[in-house]
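Here's the structure we're looking at; comments come further down.
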Amino acid sequence: MKKQLLIAFLAFGAIASGQKLVLENPENLGISSERLARISDTFDEYVAKQQLPGGVILVARNGKIAYHQAFGKSDRENNQAMTTDHIFRIASQTKALVSVGIMILQEEGRLLISDPLSKYIPEFKNTTVALADDQNGYTMEKANREITIRDLLTHTAGIGYGYGLAADQWADADIQGWYFAHRDVPVLETIKKMASLPNEAQPGEKFVYGYNTDILGAVIEVVSGQTLNAFLQQKILTPLGMKDTHFYLPPSKAQRLAVVYNQENGQLKRAPDKGTMNAQGHYLNGPRVSFSGGAGLLSTATDYAIFLQMLLNGGSYDGQRILSRKSVELMTVNHLNFPYSWSPGTGFGLGFSITTDLGLSGAPGSVGAFGWGGAYHSVYWADPQEDLLVVYFTQVIPISLDDHSKLRALVYQALVD
């Protein structure tokens, strides 16, 4: 099976790496137009029931776009229709781009993912871990080894989002949650402060989702001598033509930024202008100096699909090589040697989750598919075995809805070849 997956992966990369993503008749891609229409019907119903404000869904196969539709409103209060070129806060979908950035630096001989983090940020030389004690409190002990770059790529460094046993210390340091856009200092300054705070687990002990990729963004700044924004623009965004992907939106694109909504008691409410994680955010009028590698980017479905297509192509797109084929292979296999705590049949690669067992996952898909999502309820996945990618952007936080699972089922049921 692994050999078959690799052959399919390589063959697809050889065919598609020189092509741009353009619309194609779904039937020519082994996809039923009639069955694809079920996606539109389902998401229009979510809007009609006021469960979603609106969004954009893009499905591509064999390097061509089979489905690219907007639904609902980008701004319900002002009756603005969602369009396919609307821009979304993609939050943790930033992590995949920054992880690729780290692999670029390894390919350039400027770091190794086996390197200790302290080689680039010395403050992390001696870290600590918070452990529960018998008095319902916690004690602190020294980490049993140094954190490595690979630990950060796989979220096994033990570093969460500041809400573990030592949450009091993280709160006192004003470092909790994934949001950085309001900060008026470079990201490296915030990351250095984290080094003195107790972590949630020993390095390599378990999967702990948190600031890992923000720290990687700071590593990129140290190694490259550039801001994370400048590095990503030079190495990924400009070569791929991802012209609508930004940390902070140019004023000329302000009208294309979709509005954020909150779900309260099953109802949608426009998120407040002021605030951080559950608000509209500082992406238009903020300080614009802290570049969050873990959750800071804005993008369109088209731009993000180009990025995923590059990975499906084995590291290149439209004649531009971003990574080597071997680096992509390394990123898209499971790196965990213990059970993944979030979802059965799933592991984690270097920047995103990996489907390892289709039966245990209980959802349609393929072994080897990789993906992740964002805090504003976006999601993506790429399936090398089916030469398939899916991007779904909407802007609701917090929210509880079954749309991600339904989308997965609706996409795979449309494959008819």
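Return the residue satisfying two criteria in turn: it lies in the range 403-417 and is part of a loop (DSSP other than H, G, I, E, B) and of a type outside the set (G, A, S), and of such residues it is modelled with the lowest pLDDT.
The initial filter retains those residues of the range 403-417 that are part of a loop (DSSP other than H, G, I, E, B), namely 414, 416-417.
From what is left, the residues that are of a type outside the set (G, A, S) are 416-417.
On the way: V416: 98, D417: 94.
Among them, the one singled out is D417.
Considering the range 312-328 alone, what residues qualify as being more than 23 Å from I113 (Cα to Cα) and surrounded by 20 or more Cβ atoms within 10 Å (Cβ to Cβ)? Full working, then the answer.
Initial filter on the range 312-328 (more than 23 Å from I113 (Cα to Cα)): 317-320.
Listed by number, the list holds a single entry, Y317.
From the list S343, S361, S366, exactly one residue is out of contact with any Gly (no Cβ under 7 Å at 6 or more places or on another chain), farther than 20 Å from S99 by Cα and at pLDDT below 95. Which is it?
Working: S361 fails: out of contact with any Gly (no Cβ under 7 Å at 6 or more places or on another chain); S366 fails: at pLDDT below 95.
Going through S343, S361, S366 in turn, the sole match is S343.
With respect to E146, is the statement that it is over 18 Å from the mean Cα position of the chain (by Cα), over 26 Å from G294 (Cα atoms), outside any helix (DSSP H, G or I) and at pLDDT 95 or above true?
Numbers: over 18 Å from the mean Cα position of the chain (by Cα): yes; over 26 Å from G294 (Cα atoms): no; outside any helix (DSSP H, G or I): yes; at pLDDT 95 or above: yes.
Judged against the criteria, E146 is not a match.
Is there a residue being modelled with pLDDT of 95 or more and over 20 Å from L228 (Cα atoms) anywhere in the range 89-99?
Within the range 89-99, the first condition is being modelled with pLDDT of 95 or more, and the residues that meet it are 89-99.
Filter once more, keeping what is over 20 Å from L228 (Cα atoms): none.
No, that holds for no residue.
Is it true that W381 is outside any helix (DSSP H, G or I), closer than 19 Å to A91 by Cβ and open to solvent by 20 Å² or more (accessible area, probe 1.4 Å)? Walk me through how you get there before you give the answer.
On the way: outside any helix (DSSP H, G or I): yes; closer than 19 Å to A91 by Cβ: yes; open to solvent by 20 Å² or more (accessible area, probe 1.4 Å): no.
Here the answer is no, as W381 does not meet what is asked.
Where in the range 27-141 are there strands (runs of 3 or more DSSP E), lying fully within it, with 1 or more residues that are surrounded by fewer than 15 Cβ atoms within 10 Å (Cβ to Cβ)?
128-132
Yes or no, residue by residue, for (1) within 21 Å of I399 (Cβ to Cβ); (2) in contact with a helix residue (DSSP H, G or I) (Cβ under 8 Å, 6 or more places away or on another chain); (3) open to solvent by less than 10 Å² (accessible area, probe 1.4 Å); (4) among the β-branched types (V, I, T):
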site: Q255; (1), (2), (3), (4): no, no, no, no
site: A271; (1), (2), (3), (4): yes, no, yes, no
site: T276; (1), (2), (3), (4): yes, no, no, yes
site: R288; (1), (2), (3), (4): no, no, no, no
site: F291; (1), (2), (3), (4): no, yes, no, no
site: A295; (1), (2), (3), (4): yes, yes, yes, no
site: Y304; (1), (2), (3), (4): yes, yes, yes, no
site: M310; (1), (2), (3), (4): no, yes, yes, no
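Could you please let me know if V390 is surrounded by 24 or more Cβ atoms within 10 Å (Cβ to Cβ), assigned to a helix (DSSP H, G or I) and either among the acidic types (D, E) or touching a residue at least 60 places away in the same chain (Cβ under 8 Å) (or both)? Even if it seems obvious, please write down each step before you answer.
Numbers: surrounded by 24 or more Cβ atoms within 10 Å (Cβ to Cβ): yes; assigned to a helix (DSSP H, G or I): no; either among the acidic types (D, E) or touching a residue at least 60 places away in the same chain (Cβ under 8 Å) (or both): yes.
Criteria not met by V390.
Looking at the range 274-374, what helices (runs of 4 or more DSSP H) fall wholly within it and have at least 2 residues that are farther than 24 Å from K406 by Cα?
Working: elements: 301-312, 325-331, 358-361.
It comes to 301-312, 325-331.
Would you check which residues across the range 148-169 are among the hydrophobic types (A, V, I, L, M, F, W, C), in contact (Cβ under 8 Å) with a residue 12 or more places away in the chain and open to solvent by 10 Å² or more (accessible area, probe 1.4 Å) and list them? I'd like the intermediate steps shown before the answer.
So in the range 148-169, the residues among the hydrophobic types (A, V, I, L, M, F, W, C) come out as 149, 152-153, 157, 159, 165-167.
Narrowing further to those that are in contact (Cβ under 8 Å) with a residue 12 or more places away in the chain: 149, 152-153, 157, 159, 165-166.
L165 - this is the single residue of the range 148-169 that is among the hydrophobic types (A, V, I, L, M, F, W, C), in contact (Cβ under 8 Å) with a residue 12 or more places away in the chain and open to solvent by 10 Å² or more (accessible area, probe 1.4 Å).
Quick one: T238 ticks every box in (1) hydroxyl-bearing (S, T, Y); (2) more than 18 Å from the chain's Cα centre (by Cα); (3) open to solvent by less than 10 Å² (accessible area, probe 1.4 Å) except a single one, so which number is it?
(3)
Against the condition closer than 30 Å to P272 by Cα, more than 16 Å from the chain's Cα centre (by Cα), among the polar types (S, T, N, Q) and assigned to a loop (DSSP other than H, G, I, E, B), how does S400 come out, does it pass? Spell out the reasoning first.
Numbers: closer than 30 Å to P272 by Cα: yes; more than 16 Å from the chain's Cα centre (by Cα): yes; among the polar types (S, T, N, Q): yes; assigned to a loop (DSSP other than H, G, I, E, B): yes.
Criteria met by S400.
The values are calculated or read from the model by the stated rules, or taken from the named source; none is laboratory data. The structure displayed is predicted, hence computed values, not measured ones. Quick reminder, even Gly has a Cβ in these numbers, built from the backbone with ideal geometry, and neighbours come from all protein chains shown. All accessible areas refer to the heavy atoms of the entire protein, side chains included, with ligands and DNA or RNA removed. Shrake-Rupley method; radii C 1.70, N 1.55, O 1.52, S 1.80 Å.
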